[in-house]
1. For the range 314-336, what are the residues that are surrounded by fewer than 22 Cβ atoms within 10 Å (Cβ to Cβ), over 14 Å from residue 266 (Cα atoms) and touching a Gly at 6+ places or on another chain (Cβ under 7 Å)?
2. Going residue by residue through the range 317-335, is there one that turns out to be hydroxyl-bearing (Ser, Thr, Tyr) and more than 19 Å from the chain's Cα centre (by Cα)?
3. Check 98, 36, 58 and return the single one that is closer than 30 Å to residue 133 by Cβ and among the small types (Gly, Ala, Ser).
4. Here are some conditions: (1) more than 27 Å from the chain's Cα centre (by Cα); (2) surrounded by 14 or more Cβ atoms within 10 Å (Cβ to Cβ); (3) part of a loop (DSSP other than H, G, I, E, B); (4) among the β-branched types (Val, Ile, Thr). Residue 88 meets all but one. Which one does it not meet?
5. Pick out the one residue from 29, 39, 71 that is in contact with a Phe, Trp or Tyr (Cβ under 7 Å, 6 or more places away or on another chain) and either farther than 27 Å from residue 113 by Cα or of a type outside the set (A, V, I, L, M) (or both).
6. Give me the pairs: first residue in the range 329-351 and under 18 Å from residue 51 (Cα atoms), second residue of a type in the set (Lys, Arg), beta-carbon distance under 8 Å, and six or more apart or on different chains, which are they?
7. Only residues that are part of a loop (DSSP other than H, G, I, E, B) and under 18 Å from residue 126 (Cβ atoms): list them for the range 1-18, please.
8. Please go through the range 184-207 and give me each residue that is in a loop (DSSP other than H, G, I, E, B) and buried (at least 18 other Cβ atoms within 10 Å of the Cβ), ordered by number.
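The values are calculated or read from the model by the stated rules, or taken from the named source; none is laboratory data. A quick note: this is a predicted structure, and the numbers were derived from the prediction, not measured. Positions of Cβ are generated from backbone atoms using ideal geometry, with glycine treated the same way; all protein chains shown enter the neighbour counts.
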Amino acid sequence: MASALAHHGLSLQGLAPTAPDAPWPNTYGVWCDELADLGLSHLLGHRWQNTVSYFGQAASTQATHHRRDYGLFDKHTLQQHFLDQLQTMTWHRGKAAAVTHGDDHSCVTTEAGEELQAKLIIDTTGHNAALVQRPASAHAPVAYQVAYGIVGKFSKPPVAPGQFSLMDYRAEHLSAEQLGGPPTFLYAMDLGEDVFFVEETSLALAPAMAYDTLKERLQQRLEADGVAVSEVHHTEHCLFPMNQPLPDLNQRVLGFGGAASMVHPATGYMVGAMLRRAPEVGDAIATALAHGAVGEELAKAGWQTLWTTERLRKHHIYQFGLETLMRFNHRELCQFFDSFFKLPQTKWSGFLADTLTPFELVMAMVTMFSQTTNPVRGGLMGGVGTDGQLLLKSLIGSP
């Protein structure tokens with residue numbers, strides 16, 4: 001977001017608890033064509049053409065070939081790409097404690113008591129936002145995507161050499177009791193030089209699945225395949241909300257990323273959307289400033305660009321899909337995804353990236369409904385009765 005604003009030559013200050021060049025710990029994946037459209041393919045550290053998923057219980061389950069390249073960001077290159085555009089940005093160390101607003105400026109007070117003034121404050125502190133306010137919601141409990149992963153070397157390849165596995169739902173290694181519980185899948189990739197990344201993932205669950213449960217299931221999965229961990233280079237713990245309430249879109253503090261509830265409610269994807277939308281929001285803020293906007297008017301320019309009526313409509317449709325997915329058992333969930341990835345690639349890729357129009361999104365869902373199994377149809381129809389208010393919101397386009 002800061003780099004998008006820097007493009008317009010604006011004066012910027014950053015507040016962060018660590019130095020801006022402190023190494024980023026987490027891994028970030030993205031479909032390669034999303035980066036190609038933005039001219040950012042050089043930010044990838046790895047790229048896979050052999051991308052597959054497995055939707056079934058048996059080890060003999062046939063692979064679904066996605067025929068779409070997937071990539072992993074080079075974390076250092078991604079971080080440096082943004083820092084290179086922020087040479088004139090002033091950085092402050094600390095955490096935001098409070099914000100106050102004047103007629104034409106806002107003031108952030110840090111935990112150390114430092115006061116920082118700006119015409120607009122943008123909160124990018126993630127899902128547990130420091131300053132962005134959310135209205136109280138009577139909606140369903142917040143669902144979380146959780147994952148436990150290992151980067152390292154193994155006694156034998158945990159996935160086929162050169163392969164990326166998006167969703168491996170094969171579950172013969174689970175007990176009958178485990179199989180009757182919430183489903184999980186393996187997200188895995190060959191990183192080259194005999195190094196692999198394997199991650200057991202809970203797509204969405206309220207309350208969140210425990211890390212220990214995911215760790216146990218990953219160990220069971222590896223052991224069932226005769227795979228032992230020989231070296232651990234890094235362990236990854238991933239936890240974020242999927243259906244967090246939208247922020248108050250009338251507030252003076254603008255949010256971005258997790259603070260603005262930008263995570264895709266039905267998939268968990270967010271990086272591609274942030275790369276696409278940051279320039280849009282930056283343009284809107286710069287234009288508003290050029291026209292003399294201050295205070296609420298300036299923040300409103302950002303919020304209205306970030307959350308258009310069209311995006312609000314789609315957001316509620318995705319939330320409906322999420323609530324339905326969480327009610328599916330292992331078999332139904334596999335049937336759902338098997339049908340989903342049989343849609344034309346432009347449809348399922350647009351769904352994952354949130355680039356379809358509301359009409360295209362609805363038509364893709366109608367097509368899948370007509371082609372899927374009766375148990376999945378029943379689950380979707382049952383969701384209309386349970387979560388129909390989300391579909392109503394999608395028609396209105398309200399927060």
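1. Once the filter is applied, which keeps residues that are surrounded by fewer than 22 Cβ atoms within 10 Å (Cβ to Cβ), over 14 Å from residue 266 (Cα atoms) and touching a Gly at 6+ places or on another chain (Cβ under 7 Å), the range 314-336 yields only 332.
2. No, the range 317-335 contains no residue that is hydroxyl-bearing (Ser, Thr, Tyr) and more than 19 Å from the chain's Cα centre (by Cα).
3. Testing whether each residue is closer than 30 Å to residue 133 by Cβ and among the small types (Gly, Ala, Ser) leaves just 98.
4. (2)
5. 29
6. 345/67; 345/68; 349/68
7. 1, 17, 18
8. 184 - this is the single residue of the range 184-207 that is in a loop (DSSP other than H, G, I, E, B) and buried (at least 18 other Cβ atoms within 10 Å of the Cβ).
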